[in-house]
Amino acid sequence: MSIIYPEQERYLRKLRREPDVLLAEMEKYAGENRVPILNWNAAQLLEQLIRIKKPARALEIGCAIAYSTIRIAMNLEEGAIIDTIELSKDGIKLAKVYIERSGVADKINLFEGNALDIMPKLDKKYDFIFLDADKEDYKALFNLAVSLLNNDAVLFVDNLLWQGYAASDDVPEKYRRSTSMIREFNELFTGHEKLDSVILPVGDGVGIATLRG
């Protein structure tokens with residue numbers, strides 16, 4: 001299921017600039033090996049927000065093969081850093097290879113382990129946080145992320161339309177539990193008393209939030 005019409009997707013792809021060679025390689029690998037990475041259109045929005053916000057410190061929760069990590073790092077200003085967290089050993093192994101080849105390895109700190117264990121130990125706040133981890137942990141990770149936001153920070157969350165099923169009355173059996181979790185999370189995200197939040201139909205549905213004044 002798509003959240004935009006196929007002809008719109010094709011049209012936007014025609015307008016897309018050719019991606020960096022490494023990023024194109026990573027997109028190809030992810031597609032061939034069913035590795036979930038950020039949709040290219042959502043990634044462009046993410047990059048644009050990074051360029052606008054100019055964060056000194058960014059945090060990514062869910063690194064996978066470091067596709068979005070590298071895209072963020074490529075758009076950080078000199079001296080800025082992104083901390084990224086990944087649990088999968090296979091993902092970490094490949095992420096390290098790509099990060100080393102990226103030309104921006106000096107801007108990336110990779111934390112290996114469970115974000116639920118690592119985040120409470122972080123002793124700094126962030127100007128930008130990107131949440132894209134296991135959906136079963138989204139609520140807990142979200143609450144930890146909110147506590148790590150600087151006053152003028154941006155929170156970016158992926159997969160909030162969940163292949164369109166979040167808004168569908170006809171959800172396949174294998175997606176019903178995950179869809180229910182996403183719907184519950186979306187209620188929390190949009191109704192949070194400390195945040196001004198929106199969900200946009202970009203990629204697989206992205207959420208963008210800032211702390212209320």
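The values are calculated or read from the model by the stated rules, or taken from the named source; none is laboratory data. Please read all numbers here as calculations on a predicted model, not as lab measurements. Here the Cβ positions follow ideal geometry from the backbone for every residue, glycine too, while neighbour counts run over all protein chains shown. With ligands, DNA and RNA removed, areas are computed over all heavy atoms of the protein, side chains included. Shrake-Rupley method; radii C 1.70, N 1.55, O 1.52, S 1.80 Å.
Would you calculate a helix-derived [θ] at 222 nm for the chain, using -39,500 (n - 2.57) for each DSSP H run of n ≥ 4 and dividing by the full residue count, to the nearest 500? Please report the intermediate quantities before stating the final value.
On the way: 8 runs with 92 residues, N = 213.
Theoretical 222 nm ellipticity from helices: -13000 deg cm²/dmol.
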Task: For segment 61-66, Karplus couplings with θ = phi - 60° (6.51, -1.76, 1.60), whole Hz, Gly/Pro x - done: 10, x, 8, 6, 9, 6
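Given N residues in segment 154-213, what is Rg(Cα) / (2.2 N^0.38 Å)?
Details: Rg = 12.0 Å, N = 60, 2.2 N^0.38 = 10.4 Å.
Compared with the compact-globule rule of thumb, segment 154-213 sits at 1.15.
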- [ ] Please sort by residue number the trypsin sites (Lys or Arg not before Pro) in segment 60-157 whose DSSP state is loop and whose Cβ has at most 11 other Cβ atoms within 10 Å.
- [x] Lys124
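To one decimal place, what orientation-averaged projected area in nm² is obtained for the convex hull of the Cα set of segment 12-59? If you can, show how the numbers build up before the last one.
Values: hull surface 17.2 nm².
Averaged projected hull area, Cα only: 4.3 nm².
So which trypsin sites (Lys or Arg not before Pro) in segment 168-213 are both in a DSSP loop and have at most 14 other Cβ atoms within 10 Å of their Cβ? Walk me through the numbers on the way to the answer.
Numbers: sites: Lys174, Arg176, Arg177, Arg183, Lys194, Arg212; in loops: Lys194, Arg212.
Filter output for segment 168-213: Lys194, Arg212.
Carbon and sulfur: what percent of segment 94-207's accessible surface (1.4 Å probe)?
Details: 2620 of 5710 Å².
The nonpolar share, carbon plus sulfur, comes to 46 percent.
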- [ ] Run through every distinct alpha carbon pair of segment 84-193 and return the Kirkwood hydrodynamic radius in angstroms, one decimal place.
- [x] 15.7
- [ ] Taking the Cβ of Ala166 as the centre, find all other residues whose Cβ is under 12 Å away and add up their charges (Lys, Arg: +1; Asp, Glu: -1).
- [x] -1
Task: Hydrodynamic radius of the chain per Kirkwood, over alpha carbon pairs, in Å - done: 17.6
TODO: Calculate, for segment 80-186, the solvent-accessible area per residue in square angstrom, rolling a 1.4 angstrom probe over the heavy atoms of the protein chains.
DONE: 50
- [ ] Please identify the longest segment of the chain free of exposed GluC sites (Glu not before Pro), where exposed means a DSSP state other than H, G, I, E or B and no more than 14 other Cβ atoms within 10 Å.
- [x] 79-192
